[in-house]
Amino acid sequence: MTQDSRLKINPIQSVIILGSGVMGSQIAAHCVNAGLKVSLLDLKSDDPDRPNKLAEESIKKLIKMKPAPLALPDWAERITPGNFEDHLNWIEGTDWVCEVIVERMDIKKQMMARIEKVRRPGTIVSSNTSGLPISRIIEDVSDEFKAHFLGTHFFNPPRYMRLLEIIPTRNTDSAITEYMTRFCEKILGKGVVQCNDTPNFIANRIGVFSMATMMPWFFDGKLKAEEIDYLTGTLTGYSKAATFRTADIAGLDVLNHVAENLYPAIPDDDRRDVFKLPEPFRKMVKKGAHGNKTGSGFYKKVRGEKGNEFLVVNPNTLEYEPQTEVSFESAAYASKTFKTSGERLKYLLNQDDKAGRFLWEIHCDLLLYAANRIPEITGSVESVDRAMQWGFNWELGPFQRWDAIGVEESVKRMESEGRKVPESVKNMLKSGRKSFYGDDGTVYNLVSGAADTFTAPARDAITVSSLKRNGMEVWGNQSAGLYDMGDGVALFEFRTKQQTLGFELVQSVDKASELVKQQFDAMVIGHDHDNFSYGANLAEAVSVLQNGDFDIMREAVEHFQQVAVGLRYLPFPVIGAISGRCFGGGVEFMLHCDKVVAHHELYCGLVELGVGLIPAGGGTKEMLMRVMQKVNQNENADPLPYLKDAFKTIGMAKVSDSAYHAKELGYLRDTDIIVMNRDLLLATAKQQARTMADAGYMPPVEPKIKLLGQTGKSALEVLIFNLTEAGWASPYDKILAEKVAGILTGGDLSESQEVPESYILKLEREAILDCFNDQRTHKRIEHMLKTGKSFRN
């Protein structure tokens, strides 16, 4: 990698994607999500009336694709289609060119030559190749071009997969590598791992190897596919999709293609024979069993008597048959006994049973292979682990697994069985260090033998784990904690399972608020978990109801509402750092923050009606207030359509599928901030908190809200009738919807009038307490707790 102090870099505001296939079009969509000006080019069509047909059709497909590549469907219009013959000169005015054309070296080289003719100096060019040598693609272009070129390997689907592998060549200027790393982190929201220019880089090299080592266990009949997936799922720190379900999602044809390309490209890899995948697997691919995209792979989805079910392939006949119940006594014990996947893994692979022997063997393969690939594919233990966590959704990367099972003990066992352990790992143990990751925030460098400082997942990221490691906890209990983020800003963390809002957590907000008043200038509400909150703790509510403690329930309802709404009236700014799933009471906390910093992937909704309740933590009031503010901003606007929108959002339990959709639904305000990178959520929230405090924050006064009275209620009753007649609402849905309508229009108010916020909050409390007294609500809550699904009665 070179470095030129005179190097020109054009800041990226626009991008041209070359190639409109599945990956190219979705990369274009994600760049639109990030706010870039995007053009998508492909081959020129033979249709004289539609020269851009290929790109246009790919853009149309984005709108219907699931999961949705675009934050909002109509954003497809923001992608400008073109073709290579007529529009390659657009590159003259763009800042970044991302090549995603067919995986053939000769065609890629030809494209680079064409790009060079129209590219202006300073424009960054990258290739999304997953298997071809990056340096060879640009070996025929100028030195200035080479300095601005690197690999950018996105994972499918680009919007949702966190990993982006950046592959500089020896000619890539280090300033370009650094700029693209930060750009892709902050603007595209990616977890960036820098890789060496080696076959299939890091994630696919390690991930496909791991899958390949497990295939003989299945095809040789030692274990069933569903048994392997059970043992290599969340039980032991892999992904929820485990091994063979992940293969079906990725595509068995893709997996086979990667393995076939890898084998000849790694002649010096002593384990390359692993990439010769079993003959029955290749037969599956040949006959079209490519996984989810063709309807069959290792599993096949069929319609059965009890609904959809997944059959599994028989390794001998390659026909599909019902799955068998998975039963390992040791795994059942581990699941019940140990809290973390690392603890379960350590226990299991020390068991002398089928499960233990399988896990030990595949981990010996994985751990030794990963260690032997350093420094070939990367010089960093951390990069290998992050590539597997971000690219394959593993909870624990290879070296984190090694730490979990015990490096010293496992090395002794490996050597006693005749396995060759890399000298770099043995040198670590000889130095007195027993693990790759230290409690002191360091990670062992297998190349230098030094202890490097653990790096943040993104530059300037703040995590609860780092605050905890650095002794910044101010106060805490089992449900919540308060941390010093620095610069006068505190962080309030949820610690409950699924971040549910139980009695203790809600009480903890009061305690934390008092401490913030005394010691800080502002407070952020957030944590490290993917999902902000699943809402109220229903199990606690059921326990209270079963004990007949209705007075306790009344107090809990009142206190929850006071705390949620009270966030807005604290004498310091409160910023919500919100990501992932945010339901019910979690949304009500979010709605009453002075400002929200939301991750792009925000799936939030007031879903209380599904469990027989209504939003009574100020949620119904807040949605009403927000639509009425829109009415006030539009002179002569008819308030009824706005009121109906708020009602449908609550009554139909609408959930956003992006943060921008959350703005459309009214869960977020126009002034709330959306960030692309989850790792920068807390840091951005802290900045916003500090800015608001420095501006001389003063809490608002209680607002007056206009209610439409009987006129509005009648309009909503017609809407409820239509929903019921159309089969959208069950009998109890209708009753719950009428309660929501009553709150939104003022209960018994006959005429339109303004009322204080407290008036509507009282209506919320009365309505939810009625729900808690209704056995139909009890049935809905109990069904949700038992099955995780809503019950319509």
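For chymotrypsin sites (Phe, Trp or Tyr not before Pro), the sites in the range 123-186 that DSSP calls loop and that have at most 16 other Cβ atoms within 10 Å are 160.
Rolled with a 1.4 Å probe across the full set of protein chains, the surface gives residue 758 an accessible area near 60 Å².
Note down the Stokes-Einstein diffusion coefficient of the range 156-204 in µm²/s, whole number, using a Kirkwood radius over alpha carbon pairs, 20 °C, and 1.002 mPa s. The Stokes-Einstein estimate is 188 µm²/s. Apolar share of the accessible surface for the chain: 48 percent from carbon plus sulfur atoms, 1.4 Å probe. Scan the chain and hand back the longest stretch that contains none of the GluC sites (Glu not before Pro) lying in DSSP loops with at most 11 other Cβ atoms within 10 Å. My reading of the result: 1-304 is the longest stretch.
Cα-based values for the range 25-183, radius of gyration first and Dmax second, are 15.5, 45 Å.
When the inverse distances between all different Cα atoms of the range 135-266 are averaged and flipped, the Kirkwood radius reads 16.8 angstrom. A dipole drawn for the chain from +1 and -1 charges on Cβ atoms has a positive end, and of 249, 9, 157 the residue lying farthest that way is 249.
In loop segments of the range 399-468 as defined by DSSP, the trypsin sites (Lys or Arg not before Pro) with at most 16 further C-beta atoms inside 10 Å of their C-beta are 419, 420, 433, 434, 459. From largest to smallest, the equivalent ellipsoid semi-axes obtained for the range 641-793 from the alpha-carbon gyration tensor read 32, 23, 16 Å.
Computed over the Cα atoms of the range 347-419, pair by distinct pair, the Kirkwood hydrodynamic radius stands at 12.9 angstrom. Here the chain has an Rg and Dmax of 28.3, 86 Å, counting Cα atoms alone. How much net charge surrounds residue 263 when only the other residues with a Cβ under 10 Å from the Cβ of residue 263 are counted, with Lys and Arg +1 and Asp and Glu -1? Here the count lands on -1. Across all C-alpha atoms in the range 484-564, the radius of gyration and Dmax reach 14.5, 47 Å. Counting 0.36 nm for each residue step from residue 416 to residue 550 and taking away their Cα separation leaves a gain of 41.8 nm.
Projecting the Cα positions of 695, 749, 768 onto the charge dipole of the range 629-771 (unit charges on Cβ atoms of Lys, Arg, Asp and Glu, taken about the Cα centre) puts 695 furthest along the positive direction.
Solvent exposure of residue 559, expressed as accessible area, is near 50 Å², computed with a probe of 1.4 Å over the protein chains only. Above 16 Å, the calculated P(r) of the range 713-784 contains 55 percent of its Cα-Cα pairs.
Each 5 Å bin from zero holds the following percent of Cα-Cα pairs in the range 750-793: 5, 19, 16, 16, 13, 11, 10, 7, 2. Shape verdict for the range 478-517, please, from the Cα gyration tensor: rounded (a/c under 1.5), prolate (a/b greater than b/c) or oblate. Oblate shape, in that a/c is at least 1.5 and b/c is the bigger or equal ratio. Among the chymotrypsin sites (Phe, Trp or Tyr not before Pro) within the range 441-519, those in coil by DSSP and having at most 16 neighbouring Cβ atoms inside 10 Å are 454. A simple rule links phi to the HN-Hα coupling: the Karplus curve 6.51 cos²θ - 1.76 cosθ + 1.60 with θ = phi - 60°, which for the range 140-155 gives 9, 9, 5, 5, 5, 4, 4, 5, 9, 10, 7, x, 10, 9, 7, 10 Hz, with x for Gly and Pro.
Entry comment: accessible area of the range 376-446 is 40 Å² per residue, from protein heavy atoms only and a probe of 1.4 Å. May I ask for the angle, rounded to the nearest 10°, between helix 639-651 and the longest principal axis of the chain, with both axes built from Cα atoms and the value confined to 0 to 90°? Roughly 60 degrees between the two axes.
Leaving out ligands and nucleic acids, note down the accessible area per residue over the range 136-281 with a 1.4 angstrom probe, in whole Å².
Per-residue accessible area for the range 136-281 comes out at 33 Å².
The accessible area of residue 49, taken with all protein chains in place and a 1.4 Å probe, comes to roughly 140 Å².
Heavy-atom accessible surface of the range 455-546, averaged per residue, reaches 43 Å², computed with a 1.4 Å probe.
The values are calculated or read from the model by the stated rules, or taken from the named source; none is laboratory data. If you're wondering where the values come from, they're calculated on a predicted model, not measured in any experiment. Neighbour counts are summed over all protein chains in view; Cβ atoms, including those assigned to glycine, are modelled from backbone coordinates with ideal geometry. Note: accessible area is taken over every heavy atom of the protein model, side chains too, but ligands, DNA and RNA are not part of it. Shrake-Rupley method; radii C 1.70, N 1.55, O 1.52, S 1.80 Å.
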